[in-house]
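Accompanying notes for the structure given below.
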Amino acid sequence: MNIAALINDKVSQALEAAGAPAGSPAAVRQSAKAQFGDYQANGVMGVAKKLGMNPREFAQKVLDVLDLDGIANKTEIAGPGFINIFLDPAFLAKQASLALSDERLGIAAEQPQTIVADYSAPNVAKEMHVGHLRSTIIGDAVVRTLEFLGHNVIRANHIGDWGTQFGMLIANLERVEKEQGEVSMELADLEGFYRESKKLYDEDEEFAARARGYVVKLQGGDEHCAKMWKKLVDVTMIQNQLNYDRLNVSLTRKDVMGESMYNDMLSVIVSDLKEKGLAVESDGAQVVFLDEYKNKDGDPMGVIVQKRDGGFLYTTTDIACAKYRYETLGADRVLYFIDSRQHQHLMQAWSIVRKAGYVPESVSLEHHAFGMMLGKDGRPFKTRAGGTVRLADLLDEACERAQKLIEEKNPDLASEEKANIANTVAMAAVKYSDLSKHRTTDYIFDWDNMLAFEGNTAPYMQYAYTRVASIFAKANIDMNSLTGEIIISEEREQALLSKLLQFEEAVQSVAKEGQPHLMCSYLFELAGQFSSFYEACPILNNEDDAIKQSRLKMAALTAKTIKQGLDLLGIETLERM
């Protein structure tokens, strides 16, 4: 149950009954401090101002008609007209019992939508590097959350598998196969192969002419070129899948929807834009002028959709992309996890999409932008030599560092278990350190902080789960076989249950806003509440069996909530560390 939504509805009804205009916002939020209750309604002051009333007097009128029977046991007016709401312990106990008995922890599925999520998007014939990490793991956390809420999510891995560079790659592949019989298809070698192809293209005019010819042939559907192209794509995606699997990212080969998919749509779209009077010729190119965007002279900005040589641009592909996702995939909502520097480009493409009538306003096109990963020097994260950091190298280093850490903390574990724990902690640390930051900000990549067992980190959260699970392991109790009622007899118990029942609000916020850090913050706060509860409220050595069973139920719900929350982030838990 989303308690904030329930209270929001009740306060909205009371506002209207007290004389507020229909639809006035109740603005119900979780309280920042326990002395202000569990929730605060902040909408009274704005409404009172519109009505020309004293806010506290209007707040009293709202309280007089506010029906929170069985939900809250205390309400009060605070400050200039806030309404503080204190949840009834009996209500909390009942909702917690329902959550514990439900494998979904009481979270209802939403009205299902078809949601297309565009994320990861590496390039063919190049290894994934750290620049692909944020899109991949932020997108995946949001996708998992949306699926958990019952939505039909279509993953779209929009790989860079089209364009002029494929002419030079095919020409070089052909050259090497003629000379050597076979080219190594390891992606690390393919990186060198890409550089070699570029050098030949820049320095050998005959090679460059052949490469340009292959681009035309490939775009025209030539069988030989298509076969060579497919070989390059296959090698790249096999290697990329190793990174996805290591990171516990849910993308697979069937989710690949590269630029090439839209190739046949581009000329049709340009013709249609011309017909609609949106695209006009300018210096031999086809251009859409947008009044919403001005150049430095204050004139409408021109967006090229076809170059004078007949070639198409990324904008044309992105227009086709949005059109396809609505018309063919039936999207109700399209999410793009693309770095913030691409914002204007996307907005221009979508502006054309809307003007052309390809996607109606009822379908949401959302750019979930993210900042850059920076080194400790505050500059883009690079190798010591100043090169791009390969993602596989980053993950290898994370494993080595985690292995040393586990060795220090628990040297007596069997080597296989140590390796498993180290790998699980390493992948979690890389992901969580990113996911726990606000998506839109740049963030500093810091190994020491990432692998720390204190603070809002993956090792801390994984240990928090292990600590709760160990209570049951120690006592040899199955957390699914607990009996009795949940009884609230201490303040710490009430605080823990109140936080546990905010899980649905965290899940829905991530789904709505595409912000996984909201789940990280929630889980970190929950772990803190459990620590306070555990120190103040004895569990296994409690002499009152009813209270012992009740507290075990609270611990079980905490373990299940942390595990489920981390799973939605794509982070695995361990039964012992």
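The values are calculated or read from the model by the stated rules, or taken from the named source; none is laboratory data. Everything numeric in this text was worked out from a predicted model, so none of it was measured. Cβ atoms come from the backbone with ideal geometry, glycine included; neighbour counts cover every protein chain shown. Side chains are part of the model used for accessible areas, which takes the heavy atoms of the whole protein and leaves out ligands, DNA and RNA. Shrake-Rupley method; radii C 1.70, N 1.55, O 1.52, S 1.80 Å.
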Q: Pull up region 182-201, narrow it to residues that are open to solvent by 100 Å² or more (accessible area, probe 1.4 Å) and at pLDDT 85 or above, then point me to the one that is farthest from the chain's Cα centre (by Cα).
A: 199
Q. For residue 256, are the conditions met, namely being closer than 30 Å to residue 427 by Cβ, open to solvent by less than 30 Å² (accessible area, probe 1.4 Å) and in contact (Cβ under 8 Å) with a residue 24 or more places away in the chain?
A. no
Q.
For region 354-373, give me the residue count where each residue is in a strand (DSSP E or B), open to solvent by 20 Å² or more (accessible area, probe 1.4 Å) and out of contact with any Ser or Thr (no Cβ under 9 Å at 6 or more places or on another chain).
A. 3
Q) Among the residues of region 130-147, which ones are at pLDDT 90 or above and open to solvent by 30 Å² or more (accessible area, probe 1.4 Å)? A) 144, 147
Q.
Out of the strands (runs of 3 or more DSSP E) lying entirely within region 235-319, which hold 1 or more residues that are among the charged types (D, E, K, R)?
A. 279-282, 285-294
Q: Would you be able to tell me the number of residues in region 2-35 that are among the hydrophobic types (A, V, I, L, M, F, W, C) and surrounded by fewer than 17 Cβ atoms within 10 Å (Cβ to Cβ)?
A: 6
(Q) If residue 399 meets every condition in (1) open to solvent by 50 Å² or more (accessible area, probe 1.4 Å); (2) under 25 Å from residue 135 (Cβ atoms) apart from one, which number is that one? (A) (1)
Q. For residues in region 329-348 being among the small types (Gly, Ala, Ser) and at pLDDT 95 or above, which is surrounded by the most Cβ atoms within 10 Å (Cβ to Cβ)?
A. 331
(Q) Please go through (1) open to solvent by 40 Å² or more (accessible area, probe 1.4 Å); (2) in a helix (DSSP H, G or I) for residue 351 and return the number of the only condition it doesn't satisfy. (A) (1)
Q. Could you say which residue among 40, 111 is closer than 27 Å to residue 512 by Cα and either touching a residue at least 40 places away in the same chain (Cβ under 8 Å) or hydroxyl-bearing (Ser, Thr, Tyr) (or both)?
A. 40
